[in-house]
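The values are calculated or read from the model by the stated rules, or taken from the named source; none is laboratory data. Just so it is clear, the model here is predicted, and its values are computed rather than measured. When we count neighbours, we look across all protein chains shown, and the Cβ atoms used for this are built from the backbone with ideal geometry, even at glycine. For the accessible areas, the whole protein counts, side chains as well, though only heavy atoms, and no ligand, DNA or RNA atoms are used. Shrake-Rupley method; radii C 1.70, N 1.55, O 1.52, S 1.80 Å.
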Amino acid sequence: MLNDLPKDIIEYLITELPPFTGVLIIRTDSEGNIIDHHGPHKEYLRLVPKVGKLIHEHVPALFSMVPPLVSPMVLHNIQSNTDVYADIHIVEANEDEYWIFFVDQSNQVAGIRDIIQKMNEEKFREETKVSLPESSEPYEVFEDLILNIENEYTATIHSKIPSWFSSLAPKYYLNSEIKFTEIFPYLEVFMFEANDFWSNKKDGKIESGIWSETIKKGKDIALTAFAIYNKGKKFMLIRPMDDDIDKEQMALQMAREQKLAYEKLEKTESKLKTLLDYKDKFVSIVSHDLRSPVAAVLGIAELLVNDKNELTKLDDFYQEMIFNIREEMIRLLDYNDKLYHWSNLELGNFKVVKEKASLLKIIEITHRTASNKLEEKGIKFSTNLKTDITIEVDLSLFQQVLNNLVSNAIKFTPKNGNIFVRVKEDDDIRICVVDSGIGIPKDISKSIFSGFSRKSTMGTGGEKGTGLGLGIVKKIIDAHGFTINVESEIGAGSKFIITIPEKAG
Amino acid sequence: MLGSFAVGKTSLVQRFVNSIFSEKYQTTIGVKIDQKIVDVDGSEVNLLLWDIHGEDDYQKVKPAYIMGSSGCFIVVDGTRKASLEIGYELIEMAKKTAPNSVIVVLINKCDLKDEWDITNDDIAGLRSAGFEVIETSAKTNSAIDTAFYTISKLMLNK
Ligand SMILES: Nc1nc2c(ncn2[C@@H]2O[C@H](COP(=O)(O)OP(=O)(O)O)[C@@H](O)[C@H]2O)c(=O)[nH]1
Ligand SMILES: [Mg+2]
């Protein structure tokens, strides 16, 4: 076509006949070397196009664009000279000849240039925290859709159609009229703010909230809108915000997931606590209700044992059986009492009422309570306390602590051993129950106060234990605000240390 | 769709409009508007559904979003008591900014009834305050159509 036209006809076409006027045409070979040119090159290019020179030396944007991948190929809004923006069409004329058309878009671009320039400068400044030099070229972002607002519902499209918009709403072009609130119902809400802002007639912009649109199945994009007032004109710029949104979304998502996990944890914890309470209540009720039948059986056993007349009628085997029944019932009752006591401590069903008490007396009572068992195993009990110390404790509970510790010590001390209660007073008061027993293995000493140490509760004399004693001790000590620790060496004995802090004592 | 975060607003809309459900929780940023036409006793109603991001310390719902609405779903997560408190706050906000809007409360995730924190007393409280309350599950598609039908009908009768 053009090839067939004489050169001067082409010149006439593009200088005199609208709509061709003002178009620059450059012909190149398949490598982009300029063959010739027609039209107002001064408008489009800084230098005169030179025959034989590569086209991209004039327009860097055309680097490796000749030959184009498809023909015709159109590049939009390419800045070809200061203040000049052109659509560049590359058309294959024949295999080794290409026609490149420059169509001025500066007026189109000029309308939105200011806006984009301003917005980009701002964005650039935000991102880099430096200001752009005055003369710098704008870097264009053509992902924005710019609307020239006419009234509440209609606008004309004032920019090239970005690809996201053409997949959302095909059939719109530059200068198309558009009922924008139908396509973006979200903007109906933003228009309240925007109208307020425009009515002030001050240059500037306001930003909307974020909304998202589905551009194709499974693909959403997030958008924000800017209402812009520029030199008496109202614009709406709609901008996709992929990068920013991703970051914001991630942060928010993480914060919320954490919150959800935390809420769940809290819920599980309270559920668990309820369950544990149930367990303690159950134990408490069962041990309470078991007490009377056990005590009744024990009473009968006592009766039989004490009725010497009847007893002697039985042979030795049956006599021993009856003694065994009594022993086992005593143990069962003791275990049951401890269980009851322990579960109530666990439930918090007790109150510590502190009063002034004589430590010497507490130790004496402990000694007396344990005297039978001490005698049985030939264990020597002693204390270093000579002059009395007054401590402030719940007397009956604290007495139990010492009783438990000493009976525990007896259990794990072989025949003819020693149990020593050492009291030390400086700022704090320390009461140590030291035995010469078998000691406590390391793995047990860690869980020894938990109330249910399953391992090794068998004493040196074959005594059976409940494992509850030390759990009870720990609960009572804690409730007083005291501390208890254990030091032990296998084969050398154990030492339980109660510390009464100065102000608590 | 109003409610605390992660109560199931997006899931309810997606179930209703696109018949899909995803276990994955994806924070909604901003507003997503979907459309669906429903048949209410013979007349067609075009619903514009505004799925608004969840209310919490990080994102506050803008009253402007509610202003022009004809109806609001207040969505509560049955397994999270805290979401009911936020629901009550949003009810107050909706009443103030859109006095003509009808309100329907959805207690969502009724497939997890075992784990519900919201009690029958809570629900009775909402009902005695004059609200329509519907128990839904986006997961098992329980009472979703009922919910949208109910609010459409209330909006039409307004
Ligand atoms: N079990 C169950 N999970 C749900 C239900 N609805 C939503 N979810 C889940 O709850 C989470 C939050 O849902 P989403 O719709 O994103 O909540 P939104 O923040 O209110 O929009 C997601 O993991 C969903 O899969 C439901 O009815 N049952
Ligand atoms: Mg959501």
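Accessible area of A:Met73 (1.4 Å probe, protein heavy atoms only, ligands and nucleic acids ignored): about 30 Å².
Using a probe of 1.4 Å, the accessible surface attributed to A:Leu468 totals some 0 Å² when neighbouring protein chains are kept in position. Ordering A:His367, A:His38 by accessible surface, largest first, gives A:His367, A:His38; the 1.4 Å probe counts only protein heavy atoms, with every chain in place.
Note on segment A:2-104: with charges restricted to the Cβ of Lys and Arg (+1) and Asp and Glu (-1), its dipole about the Cα centre is near 340 debye. Listed by chain and number, the lysines whose C-alpha is less than 25 Å from the C-alpha of A:Lys53, apart from same-chain residues fewer than 8 away, are A:Lys7, A:Lys42. Normalised per residue, the accessible area of segment A:142-245 is 48 Å², obtained with a 1.4 Å probe and no contribution from ligands, DNA or RNA. Expressed as a whole percent, the accessible area of segment A:142-245 that falls on carbon and sulfur atoms is 49 (1.4 Å probe). The interface between chain B and chain A buries about 2300 Å² of solvent-accessible area in total (1.4 Å probe, ligands and nucleic acids excluded).
Multiplying each eigenvalue of the alpha-carbon gyration tensor of the protein assembly as shown by 5 and taking the square root yields semi-axes of 90, 33, 23 Å, largest first, rounded to whole angstroms.
Around the Cα centre of segment A:268-347, unit charges on the Cβ atoms of Lys, Arg, Asp and Glu (plus for the first two, minus for the last two) sum to a dipole of about 400 debye.
Only protein heavy atoms count here; under a 1.4 Å probe, A:Tyr172 has an accessible surface of about 60 Å². Ordered by solvent-accessible area of protein heavy atoms (1.4 Å probe), largest first, the residues B:Arg127, A:Arg27 come out as B:Arg127, A:Arg27. When A:Arg326, A:Arg256, A:Arg422 are compared by accessible surface with a 1.4 Å probe, the order from highest to lowest is A:Arg422, A:Arg326, A:Arg256.
Counted over the protein assembly as shown, the DSSP beta bridges are approximately 80% antiparallel.
If R0 is 35 Å, the Cβ-Cβ spacing of B:Tyr58 and B:Lys113 corresponds to a FRET efficiency of close to 0.75.
Farthest toward the positive end of the dipole of segment B:86-158, out of B:Ile134, B:Val105, B:Met155, is the Cα of B:Met155, where the dipole comes from beta carbon charges about the Cα centre.
Converting the Cα gyration tensor eigenvalues of segment A:142-245 into ellipsoid dimensions via √(5λ) gives semi-axes, longest first, of 22, 15, 12 Å. Within a straight-line Cα-Cα reach of under 19 Å, A:Lys475 can be paired with the following lysines, leaving aside sequence neighbours fewer than 8 residues apart in one chain: A:Lys273, A:Lys279, A:Lys281, A:Lys338, A:Lys351, A:Lys354, A:Lys446, A:Lys495.
Rounded to the nearest 20, the Cβ-based charge dipole of the protein assembly as shown about its Cα centre (Lys and Arg +1, Asp and Glu -1) stands at 2920 debye.
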